[in-house]
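What follows is a single structure, written as structure tokens, with notes after it.
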Amino acid sequence: MQRMALIGVDEPLRGAVFSRLHRVVPASVAEANLVVVASATQSASERLSSARSGQSWLVTSELCEQPDLLKEWEAAARAAQVTLAVANLERFRPSRQLIRQQLDSGRLGTPVLIRSHRWITSARFDFQAREWPLACLQDLDVATWLMSSQPTTLFATTSQTTDTKSPTTCVVHAGFSGDAMAQWDFTLWPNSGEPYESLTVLGSSGAAYSDDHDNRQLRFRGDQAEAVTASEGCRPWVNLLQQFVDAAEAQSDWSKSVSDWHGTLALSESIRQVLRSRQAVKEDR
Amino acid sequence: MSEPEGSSVGRKFRCAVLSAVKHDYVARGVVSHPRFELVVVADDSGVPPWAHERNQEFADAFQIPYVRDVEQALRDYAVDVAIVSPEGERHCDLSIRAARLGVHVIQDKPVGTRLADVDRLVETIEHTGVKFLMWNRNFIPAIQQARQDIADDSIGSVVSVHLEFYFAKDAGVPKGTRRPGYPPVDWLAHQLASHVDGSDGGLGREPMGELAIEGIYPLGYLRMLTGRDVRRVFARAASQFHQLNADNQVEDLATVTLELDGGIVASLAIGRIGAASHPSGGVINARIVGSRGALVIDESRPSVGVYYRNQPAKEFRERRVANENDFLLADDFARAIDHDGATALDVHASRDIFLICEAALESARTGQAIELPSNP
């Protein structure tokens, strides 16, 4: 039985998640062999000051959205003699897990196009600064994970508007080895409202489509029908934590998750450069 | 652009089908409108026997004559409208010859295969004053609804447009299945052989990729929905699915990022992605972000799902209904002739789209974003 400390996930989600996990019990950081951190209320060194040598620590990718932050976590983990993993929760959504499973099974063939749309509302981002790469990180990571490689060519451009109340769109466009390609549409909305997302993966022998347009229910309670999101619920957390538990039992190495996230951060820096230069670049990774 | 009330009153337009060797859907689409009637099929006497055979079959189906002389047919049958649907490389030539005789032109895609031919077509249409319509999908109900929403200012001014245009059709054997030592798949031979089940695309001697063949449709949407010119493109293109495309070095998948006037950006993914990749012929949709709202449009709606025991694998499960694209395109053309107005996709717009496709393919070759020239 594994003992897990889960920091930064509050009730009722916390209870819902633990009730669904196998072979693990909640524990304090001092008692745990697995520690999962999803809260940025403390720095990496502060958080790891209570670590015990030999523990496995996992931090969510939101806590390392800058290279310096990731390096800080790595240094603190080394000093505390714990192993470190980074997890992008987006990868663990049931929809994304299913697509990855279908690719791994070979049914879809080789991935040749990943196309995603994400329209984000104002909650997280500084719309004056238009923090594109930051807004894109999770989806960039999912795409490179599904492709199992990093881009070889990169282009990006943004819509231009003088109205700060208008949304802004950034299109990121990448080429991969084998002439595979990816195209992301990120749109930031400077107001409240529901987000929208869509992910299509075309393989050489099949395709997978996951789209909010399809995954909506209709609610009628007035003049106009409402489209209500069919949520994936707490399953992303359950998938992530169960896989972390399973990996601990199997003594699997999750260190690749850290190098993967380094790759995603490097990709976001390349996008920043392309947006500045307005020129496509060839990547050498 | 016309309103969809219909322009059914007025004289009938006598139509010649100038080569029915490719798809006959354009001619059939035009005569879905009661003001258009087919009176003759015509082609040059020197076209290959298979072309004569197809022309004759089409003429027989409509019980009209087949004449092996284009100019004679246009004169003798007092033709008003030429419906031009030969091999891709003959599009401009037949359209130009019809226009020179004062005959209006409805042409199948693509507008041409070489810029010089397209420029000659533009010059001739301008000089003769006849009407020209590139057959397109702009009147599909879902796209018209989006156009109306934008016109009604429901979402404010357009900020970005994202188009997906996947035809889930095969084009012969999958890529990678040609046995070592076998010769490359011949483009024209494949197109001729696959005509029987309608899976031919890009008929002609010259191989054409999916962007060149089908790009007119989504780029026609983009033009109609934004009313803006494209200024710069970046693209990737590859043959990923079909041996035919790989052997002939033309793309069956392309992605294009576009910068338009007015600070608008757009993205397009287009491909012939294989029949296995969708149960109902493919995914075609538009996402439009406006300054005050957004639209997510599935081009196939309205539709009805039909499923039954022993259903053929290739039969679409979701059937489109209430699609009046053909009638409305023809109606738009009739209105343009009646009132000397513009058509839904005229020769200048067609040339612009041709240039966008050419620039996209150049970008895919060079890996660089390509600027498009400004219109005069």
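The values are calculated or read from the model by the stated rules, or taken from the named source; none is laboratory data. All of these numbers come straight from a predicted model, not from anything done at the bench. Here the Cβ positions follow ideal geometry from the backbone for every residue, glycine too, while neighbour counts run over all protein chains shown. For accessibility, only protein heavy atoms count, side chains too; no ligands or nucleic acids. Shrake-Rupley method; radii C 1.70, N 1.55, O 1.52, S 1.80 Å.
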Counting only residues in the stretch B:157-177 that are in a loop (DSSP other than H, G, I, E, B) and of a type in the set (D, E, K, R), the one farthest from the other protein chains (Cβ to nearest Cβ) is identified as B:Lys169
In the stretch A:169-198, residues that are more than 7 Å from chain B (Cβ to nearest Cβ) and open to solvent by less than 10 Å² (accessible area, probe 1.4 Å) total 10
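Taking A:Asp211 as the residue in question, decide whether it is touching an Asp or Glu at 6+ places or on another chain (Cβ under 9 Å), at pLDDT 95 or above and facing chain B (nearest Cβ under 9 Å).
yes
Please work out if B:Asp338 is farther than 30 Å from B:Ala237 by Cβ, in contact (Cβ under 8 Å) with a residue 60 or more places away in the chain, open to solvent by 50 Å² or more (accessible area, probe 1.4 Å) and part of a helix (DSSP H, G or I).
Considered against the rule, which asks whether it is farther than 30 Å from B:Ala237 by Cβ, in contact (Cβ under 8 Å) with a residue 60 or more places away in the chain, open to solvent by 50 Å² or more (accessible area, probe 1.4 Å) and part of a helix (DSSP H, G or I), B:Asp338 comes out as yes.
Can you work out which of the residues in the stretch B:182-194 that are in contact with a helix residue (DSSP H, G or I) (Cβ under 8 Å, 6 or more places away or on another chain) and part of a helix (DSSP H, G or I) is most open to solvent (accessible area, probe 1.4 Å)? Spell out the reasoning first.
Here is the first cut: in the stretch B:182-194, the ones in contact with a helix residue (DSSP H, G or I) (Cβ under 8 Å, 6 or more places away or on another chain) are B:184-185, B:187, B:190, B:192.
Still in the list and also part of a helix (DSSP H, G or I): B:187, B:190, B:192.
Working: B:Trp187: 9, B:His190: 31, B:Leu192: 49 Å².
Residue satisfying both the conditions and the ranking: B:Leu192.
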The condition of being surrounded by 18 or more Cβ atoms within 10 Å (Cβ to Cβ), more than 14 Å from chain A (Cβ to nearest Cβ) and touching a residue at least 60 places away in the same chain (Cβ under 8 Å) holds, among B:Asn285, B:Asn248, only for B:Asn248
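For residues that are of a type in the set (Asp, Glu) and either farther than 16 Å from B:Asp252 by Cβ or open to solvent by less than 10 Å² (accessible area, probe 1.4 Å) (or both), tally how many sit in the stretch B:207-219.
Taking the stretch B:207-219 first, the residues of a type in the set (Asp, Glu) are B:210, B:214.
After this cut, where a residue has to be either farther than 16 Å from B:Asp252 by Cβ or open to solvent by less than 10 Å² (accessible area, probe 1.4 Å) (or both) as well, the list is B:210.
Result for the stretch B:207-219: 1.
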Counting only residues that are among the aliphatic types (A, V, I, L, M) and either modelled with pLDDT under 95 or within 15 Å of A:Ser257 (Cβ to Cβ) (or both), the stretch A:70-100 contains a total of 8
When B:Leu222 is run through (1) open to solvent by 10 Å² or more (accessible area, probe 1.4 Å); (2) within 14 Å of chain A (Cβ to nearest Cβ), the failure sits at (1)
Those residues of the stretch B:311-335 which are open to solvent by 10 Å² or more (accessible area, probe 1.4 Å) and over 20 Å from B:Gly281 (Cβ atoms) amount to B:Phe327, B:Leu328, B:Arg335
So, first residue under 16 Å from B:Ala238 (Cα atoms) in the stretch B:350-376, second residue polar (S, T, N, Q), Cβ within less than 7 Å, six or more apart or across chains; the pairs are B:Gly367/A:Thr153
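Got at least one residue in the stretch A:214-236 being open to solvent by less than 20 Å² (accessible area, probe 1.4 Å) and touching a residue at least 12 places away in the same chain (Cβ under 8 Å)? Walk me through how you get there before you give the answer.
Of all residues in the stretch A:214-236, those open to solvent by less than 20 Å² (accessible area, probe 1.4 Å) come to A:236.
If we keep only those that are touching a residue at least 12 places away in the same chain (Cβ under 8 Å) too, we end up with A:236.
The answer is yes, given that some residue of the stretch A:214-236 is open to solvent by less than 20 Å² (accessible area, probe 1.4 Å) and touching a residue at least 12 places away in the same chain (Cβ under 8 Å).
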*Based on what the data block shows, is B:Glu89 surrounded by fewer than 19 Cβ atoms within 10 Å (Cβ to Cβ) and within 20 Å of the chain's Cα centre (by Cα)?*
yes
How many residues of the stretch B:258-278 are β-branched (Val, Ile, Thr) and under 20 Å from the mean Cα position of the chain (by Cα)? The answer is 2
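Restricting attention to the stretch B:357-376, report how many residues are part of a strand (DSSP E or B) and under 19 Å from A:Ala174 (Cβ atoms). Can you show your working first?
So the first thing to find is which residues in the stretch B:357-376 are part of a strand (DSSP E or B), and the list is B:370-371.
Still in the running and under 19 Å from A:Ala174 (Cβ atoms): B:370.
Number satisfying all stated conditions: 1.
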Checked pairs for the stretch A:182-204, first under 20 Å from A:Gln97 (Cα atoms), second aromatic (Phe, Trp, Tyr) and in a loop (DSSP other than H, G, I, E, B), C-beta under 9 Å and 6 or more apart or across chains, list as A:Ala182/A:Phe176; A:Leu202/B:Phe241; A:Ser204/B:Phe241
In the stretch B:317-340, anything of a type in the set (Gly, Ala, Ser), more than 18 Å from B:Gly220 (Cβ to Cβ) and at pLDDT 95 or above is listed as B:Ala334
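Residues are listed down the side, and each one gets a yes or a no for (1) at pLDDT 95 or above; (2) over 30 Å from A:Thr187 (Cα atoms); (3) part of a loop (DSSP other than H, G, I, E, B):
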site: B:Gly220; (1), (2), (3): yes, no, no
site: B:Val233; (1), (2), (3): yes, no, no
site: B:Gln249; (1), (2), (3): yes, yes, yes
site: B:Ser280; (1), (2), (3): no, no, yes
site: B:Val283; (1), (2), (3): yes, no, no
site: B:Ile288; (1), (2), (3): yes, no, no
site: B:Ile297; (1), (2), (3): yes, no, no
site: B:Pro312; (1), (2), (3): no, yes, yes
site: B:Glu315; (1), (2), (3): no, yes, yes
Among residues of the stretch B:251-278 being assigned to a helix (DSSP H, G or I) and within 9 Å of chain A (Cβ to nearest Cβ), the residue farthest from B:Leu163 (Cα to Cα) is B:Ala276
Exercise. Could you check, for the stretch A:143-154, whether at least one of its residues is in a loop (DSSP other than H, G, I, E, B) and either within 8 Å of chain B (Cβ to nearest Cβ) or at pLDDT below 95 (or both)?
Key: no
Those residues of the stretch B:331-376 which are closer than 30 Å to B:Arg301 by Cβ and in contact with a strand residue (DSSP E or B) (Cβ under 6 Å, 6 or more places away or on another chain) amount to B:Phe333, B:Thr343, B:Leu345, B:Asp346, B:Ser350, B:Ile356, B:Ala360
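Conditions tested, residue by residue: (1) open to solvent by 10 Å² or more (accessible area, probe 1.4 Å); (2) under 27 Å from A:Ser95 (Cβ atoms); (3) out of contact with any helix residue (DSSP H, G or I) (no Cβ under 9 Å at 6 or more places or on another chain).
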residue: A:Leu146; (1), (2), (3): no, yes, no
residue: A:Gln160; (1), (2), (3): yes, no, no
residue: A:Thr164; (1), (2), (3): yes, no, yes
residue: A:Pro167; (1), (2), (3): no, yes, yes
Test for A:Leu113: is it facing chain B (nearest Cβ under 10 Å) and either surrounded by fewer than 22 Cβ atoms within 10 Å (Cβ to Cβ) or in a loop (DSSP other than H, G, I, E, B) (or both) = no
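Residue-wise test of (1) out of contact with any helix residue (DSSP H, G or I) (no Cβ under 7 Å at 6 or more places or on another chain); (2) within 14 Å of another protein chain (Cβ to nearest Cβ); (3) at pLDDT 95 or above; (4) more than 30 Å from A:Thr152 (Cβ to Cβ).
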| position | (1), (2), (3), (4) |
| --- | --- |
| A:Thr200 | yes, yes, yes, no |
| A:Ala207 | no, yes, yes, no |
| A:Arg219 | yes, no, no, yes |
| A:Asp223 | yes, no, no, yes |
| A:Gln242 | yes, no, yes, yes |
| A:Ala250 | yes, no, yes, yes |
| A:Asp253 | yes, no, no, no |
| A:Ser257 | yes, no, yes, no |
| A:Leu265 | no, no, yes, no |
